[in-house]
Structure formats: structure tokens, C-alpha cells
1. Could you work out the local net charge near Val105, counting Lys and Arg as +1, Asp and Glu as -1, over the other residues with Cβ closer than 15 Å to its Cβ?
2. First measure r as the distance between the Cβ atoms of Arg166 and Arg50, then evaluate 1/(1 + (r/R0)^6) with R0 = 51 Å and state the FRET efficiency to the nearest 0.05.
3. Just grab the label-to-label distance for Ala211 and Ala189, each label 7 Å out from Cα along the Cβ direction, in nm (one decimal).
4. What is the angle, in °, between the Cα long axis of helix 29-43 and the longest principal axis of the Cα atoms in the chain? Nearest 10 is fine, range 0 to 90.
5. For each of Ser176, Ser87, count neighbouring Cβ atoms within 10 Å of the residue's Cβ, then give the residues from fewest to most.
6. Would you mind checking the tilt of helix 89-99 against the longest principal axis of the Cα atoms of the chain, expressed as 0 to 90 degrees and rounded to 10?
7. Need the C-alpha centroid separation for the range 165-198 versus the range 24-69, integer Å.
8. Quick one: compute the contact order of the chain, relative version, from alpha carbon pairs under 8 angstrom and 6+ residues apart, as a percent.
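What follows draws every value from the coordinates through simple rules; no lab data is involved. Every value quoted in this text rests on a predicted model; they were computed, and no experiment measured them. Using ideal geometry, Cβ is built from the backbone for each residue, glycine included, and neighbour counts are taken over all protein chains shown.
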Amino acid sequence: MNALVAIAPLALLYAYGLVRAPTRRRGWAAPAWFAGLTVLAVATSPALERAADRELSMHMIQHELLGLVAAPLLAAGAPVRLALAASGRATRLRLARLLHMRVAVALIHPAAGAAAFAIVLLGVHVPAVYDLTLRSGLAHAGVHAALLWSALLLWMRLLGADPLPRRVSATATIASLVVAMGVMAALGAALAAEQHVLYTPYVRPGVDALADQRVAGGLMSVGGMAVDVPLLLALAWRALVAEERRATVREGRGLPAEGAR
């Protein structure tokens, strides 16, 4: 299903926010947002949709574009920060209240994002569910929406581009990433090791569906690890820098180091 009908308004709204914001957005936020929308358009393009209907490996590439490329780029675009900057005082207060609601705080916790991403990822690859998405355009669109939104929940907190309530520890953030990408890598490994074709709609004359399934599983495993390792290093580095800054502040105030009491 082509998502241009939804993508175009998102591009226009962000552009409107850029015009409205008192201070123009700098850095990589705006380029990241529009790059994310571009990847989203490619992932849901008719050409890739047709290829995904023929080969599981292409369907896996489509899912990875949604969850591992489009979602983090959109999260890096910091849409909440831009909305707050572009809105009037009354709207900013309403947005702030919404962000601090218990449900919102719970949803944007890294553990919730990791759990949502893992559950959706496992759920959509259940053979019965997967076969349904190949037969029903509505189910197919619903699966893509679930993948994208669950990934956004995960990436918004991991990247920290938006001013989200309740700062969480680096340990919780890193653990959430390990769980989410670990589930993805494990599922990919299981698909690659499977000795039987799990998704029967891909069984066609002249097509080695089992070999294609192994390629798809390999893509999922490699995709999960390719994101996991560099981001883990980046998060660990960010945690070390933040701790060094806090230590410098404590020293400047003449306070004892943590653990010294």
C-alpha cells in the first residue's frame, strides 16, 4: 500500500512548524525528518510492495526499512520539540500536560518501547498472521503501521532528540536496545535455520522458497546486529560523557564524588 497520502501531510506539517518556530531548526533534525519520510515512501512504494509479495527476503528488507531506517530518522527529526517551539503558549501547555500523563510517560519508557517492538516483530512473523497480510491489503497496512509505531516508541527514547519527561538511566536505555535488537537477531537466526518453508504463499513453481527464507532470516539477524553494536557503543559513550560532566559540576561545587560518602 502506498503511504503517500499520509506522508505528504506529515511533510507539510513539519515544514509549517519550521516556518512558525521562532528559532529556525538547526542541525540534523529537519534533514533527518525528511529523509525518514523519503525512506517511508520507498518502503511502501508499489514496486517494493510487489517484490515483497513475491519474495520473503524483499518483504524483510521492507520491514527493516520501516523499523531500522525510517523510524530512527523520524525520531531524530524531533517532531515534539518542533511542535513545542512552533506552538503558542496555550498549545505548548496542552502538549506538556499530554506528555506528562501517566499513560504517555509509561509508553515512552525504553522498556515499553523495547517490549512493543519485540511483541510486534514476533507477532507479525507468526505464519498465520503473515499469510493474512499477503492476502489482505488492510492487514498488510496494519502490520506496517504497527512496525513503524512500535519502532518509533523505541527510537524516540533511545535517541533522545525530543524533550521527553522523566530522564531514564543509561543502563535502562542500553538494556532496552539489547532486548529489542536481540529478539530481532534471534528471530532472524531461527528463520535462517528452519528446515521447512514457514510461509506457504511464497511457494511457487521455479522458486526456492526455503533458500529465500534463509536469506530473509540472515537479513534480519544482520540488520539487528548492525544497528545494535554501533548504537550500543554510542550510548555507552554518551553515558560516559554525561557522567564526566556531572563529575565536573560536582567538583566545581565542592561536592564529594558519588559513592565517596
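1. Details: positive: Arg97, Arg102, Arg157, Arg166, Arg167; negative: Asp162.
Combined, the nearby Lys, Arg, Asp and Glu give +4.
2. On the way: r = 44 Å, r/R0 = 0.86.
E between Arg166 and Arg50, to the nearest 0.05, is 0.70.
3. 2.6 nm
4. Compared with the principal axis, the helix lies near 10 degrees.
5. On the way: Ser176 24, Ser87 16.
So the residues, fewest neighbours to most, are Ser87, Ser176.
6. 60 degrees
7. Distance between centres, Cα-based: 20 Å.
8. On the way: 313 pairs, mean separation 53.8, N = 261.
Worked out over the chain, it gives 21 percent.
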